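Single-structure report; data block below.
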Amino acid sequence: MSKSEFWTLTRRLASYAVLCAVTFVVCFPLVWALSTSLKPKSEIFATPPTLIPRTVTLENYEALLTGRPQYFQSAGQQVSSGTTPAQFFTRWFVNSMIVTLGSTLISITVSTLAAYSLTRFRYWGRNVIPYFSLLGYMVPSIIFVFPLFLVMVQLDLTDSLLSLVLGYVCITLPFCMWLMWAFMRSIPIEIEEAALIDGASRVQVFTQVVLPTALPGIIAASIFSMIVSWNDYLFGRVFLNSLDNLTLTVGVMLFFEGTHVDWGLLMAASVLMTLPMAILFMALQRHLVAGFGAGAVKG
Amino acid sequence: MDVSLDRINKSFGAVQVLRDVDLMFPSRKFVTLLGPSGCGKTTLLRMIAGLEAVTSGTIRFGDRVVNDLAPRDRNIAMVFQSYALYPQMTVRRNLGYGLRVRKTPKGDIDTAVTRVARILEIDHLLDRKPAQLSGGQRQRVALGRAMVRQPDIFLMDEPLSNLDAKLRVTMRAELRRFHLDLNATTVYVTHDQLEAMTMSDLIAVMHGGIVQQFGTPAEVYGKPANLFVAGFIGSPPMNFITGTLASEGDRPAFSSPELTLPLAPGAAKGSPGRDIVLGVRPQDLTLVGEQEPASIRGRVWVVELLGSEKLVEVTIGERRRMTVQVRADTAVNVDDVVGVRVDPQRVHLFDAQSGAIFRVS
């Protein structure tokens, strides 16, 4: 082995070692959560701890999905008269879905139309609006929470899923719009003109030519919006009150408020919470890279 | 179908890009709008397409005024410089899009697409997307998309400018051939005078938003209407010498420090002393030896071999140069002293002030 070959090999080994370490750090909590969620109670605190459960059980998942009350009683104020968080899990899951899909739908619709207008029509401010909107996204969302809450009080929307949908639109729309704007700018106007000459109406040009071409951007913006809405805790915590209306992130916190923490149940809930976003990500990651890439070049 | 443009004006804000354009493109002719960039040729084409509004004037297709018709109601097809293919559609769907939005039955679309793909030799590419095609293939798809609907008028905006030189020559001949087969009026925009000369039935030479001359390629080459056309058409470009109109006996003559040339007899009475520009093409000049009678003498500055010809640049007078085109086997070297013969029958005279052709007779 020559000297240069030796160094190449060493460098490669070193970089793999670093990558393995990073992968381990990132993946370990996920793997541990999955492992714990599959263990019976007796094994969770076993010493030495086991990464691969000796006995695999689905009782935690069963409890969550069927809403069966577990044996622990809550001491928290919100959880009273024999109710346990597990009973609400499916309800919260549906709430999270509604809020996430609702806010994403609004954000994407508005930002796509806005971006189209900003890139295709001539009016004052069309070049500065996207940058101001990006600036809006850079302000931490905690600054918006209380003013928005006061607005929701005025609108009589507190403790409703709609308030959360509107709140998430407020924090995701600026970035979605900027992303779509950068993407739309890269679509040459000639393809729209070609479609007009081919015989398409304005609406057909938008739906059949512009939207399909902008699809990678739409997917990237959607994933961004869904992740923000699905993972948000702050807005849900402030805007919502009643057990029936909570979203997953806020609801799952209630597992901590009992006299003791049922780790198996909590980890099963965490795994189920992670699943939708993980699946979405894996299915669409190619588009995500393309979408953010386009934004990076043109923005 | 005839296309007539009647006193067309176009302004973008305060900038006027087209002035009083009056043109008539006869049915089934290949007409080229030729001019340098910024001359308004593409804007004019886009107005014919309906993509740009007319500020004033009338556009007619046949007898029908189309000023306010949407592009899709004009039965035109257009090939864009950038091809403008729909990136997410396969070649097959790109070709058929115009028919699909017009609700043509599926069977007819398939037939039309297959026919055009076979003509353009892209039938093996039908299931690919534009990103998977080479420049020449995209060009053909763009052409096919325009051909598939059998339009009355075929508009092309510099369709060959993104192709390499060799492919451009091939496509030039093919476009000309397709035009003959299509039976449509073709309006072609280019800044390349060679493309215009080789392909067109008629050429409109444009400059500064004004049509400088409209005629057959032979006319714009042989009888340029003004200095601009004379200088723009022809390669290598025409030689110009500034001088005055004089008289030599009873004949008018051109007079300048470098050259005195008797002109055709019985012409230009009563206007001696007027400033004029003499133009003569390099092909119309004859190079002779130092001792032979010649109109101008000078020293060879550089010799360029083009293959079958040589371009000889001759320094005359103080700092002027003239290009003479000679056969490649002519023996001529740098720094030779040579004579240049100018044939009075082959010169073009222009008014120095207006640039317009100066009719001696």
**Request:** Would you confirm whether any residue within region B:40-47 is closer than 29 Å to B:PHE228 by Cβ, out of contact with any His (no Cβ under 9 Å at 6 or more places or on another chain) and assigned to a strand (DSSP E or B)?
**Result:** no
**Asked** Which one is nearest to the other protein chains (Cβ to nearest Cβ), of the residues in region B:61-85 that are surrounded by fewer than 19 Cβ atoms within 10 Å (Cβ to Cβ) and either touching a Leu at 6+ places or on another chain (Cβ under 6 Å) or in contact (Cβ under 8 Å) with a residue 40 or more places away in the chain (or both)?
**Response** B:SER82
**Asked** If you scan region A:215-234, which residues turn out to be surrounded by 20 or more Cβ atoms within 10 Å (Cβ to Cβ) and over 14 Å from the mean Cα position of the chain (by Cα)?
**Response** A:PRO216, A:GLY217, A:ILE218
**Prompt:** What helices (runs of 4 or more DSSP H) completely inside region B:127-241 contain at least 3 residues that are at pLDDT below 90?
**Reply:** B:135-147, B:165-182
**Message:** away from every other protein chain (no Cβ under 13 Å), on the phi < 0 side of the Ramachandran plot and outside any loop (DSSP other than H, G, I, E, B): is that true of B:THR58 in this structure?
**Reply:** yes
**Request:** Determine the pairs where a residue that is within 16 Å of B:LEU99 (Cα to Cα), located within region A:187-210, has a partner that is of a type in the set (Val, Ile, Thr) and part of a loop (DSSP other than H, G, I, E, B) with Cβ atoms under 9 Å apart, the partner being 6 or more residues away or on another chain.
**Result:** A:VAL209/A:ILE187
**Message:** Filter region B:86-105 down to the residues that are at the interface with chain A (Cβ under 7 Å from one of its Cβ atoms), under 24 Å from A:ALA214 (Cβ atoms) and surrounded by fewer than 24 Cβ atoms within 10 Å (Cβ to Cβ) and list them by number.
**Reply:** B:TYR86, B:PRO87, B:GLN88, B:VAL101
**Of all residues in region A:195-214 being at the interface with another protein chain (Cβ under 7 Å from one of its Cβ atoms) and either in contact with a Leu (Cβ under 8 Å, 6 or more places away or on another chain) or of a type outside the set (A, V, I, L, M, F, W, C) (or both), the one that is surrounded by the fewest Cβ atoms within 10 Å (Cβ to Cβ)** = A:PRO212
**Message:** Please pick out the residue among A:LEU157, A:LEU173, A:LEU161, A:LEU166 that is farther than 14 Å from A:TYR116 by Cα and without any contact (Cβ under 8 Å) to a residue 12 or more places away in the chain.
**Reply:** A:LEU157
**Item:** Filtered residues of region B:106-116 (kept if more than 13 Å from chain A (Cβ to nearest Cβ) and either more than 35 Å from the chain's Cα centre (by Cα) or farther than 12 Å from B:ARG149 by Cα (or both))
**Value:** B:LYS106, B:GLY107, B:ASP108, B:ASP110, B:THR111, B:THR114
**Item:** Lone qualifier among B:THR190, B:THR185, B:THR260, B:THR242 - being over 14 Å from the mean Cα position of the chain (by Cα), hydroxyl-bearing (Ser, Thr, Tyr) and buried (at least 16 other Cβ atoms within 10 Å of the Cβ)
**Value:** B:THR185
**Item:** Residue that is touching a strand residue (DSSP E or B) at 6+ places or on another chain (Cβ under 8 Å), closer than 28 Å to B:LEU33 by Cα and either aliphatic (A, V, I, L, M) or within 14 Å of chain A (Cβ to nearest Cβ) (or both), where the choices are B:VAL189, B:VAL141
**Value:** B:VAL189
**Message:** Exactly one condition in (1) surrounded by fewer than 20 Cβ atoms within 10 Å (Cβ to Cβ); (2) within 28 Å of A:ILE143 (Cβ to Cβ) is false for A:ARG185; which is it?
**Reply:** (2)
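The values are calculated or read from the model by the stated rules, or taken from the named source; none is laboratory data. Owing to the predicted nature of the structure, the values given are computational and were not obtained by experimental measurement. Cβ atoms come from the backbone with ideal geometry, glycine included; neighbour counts cover every protein chain shown.
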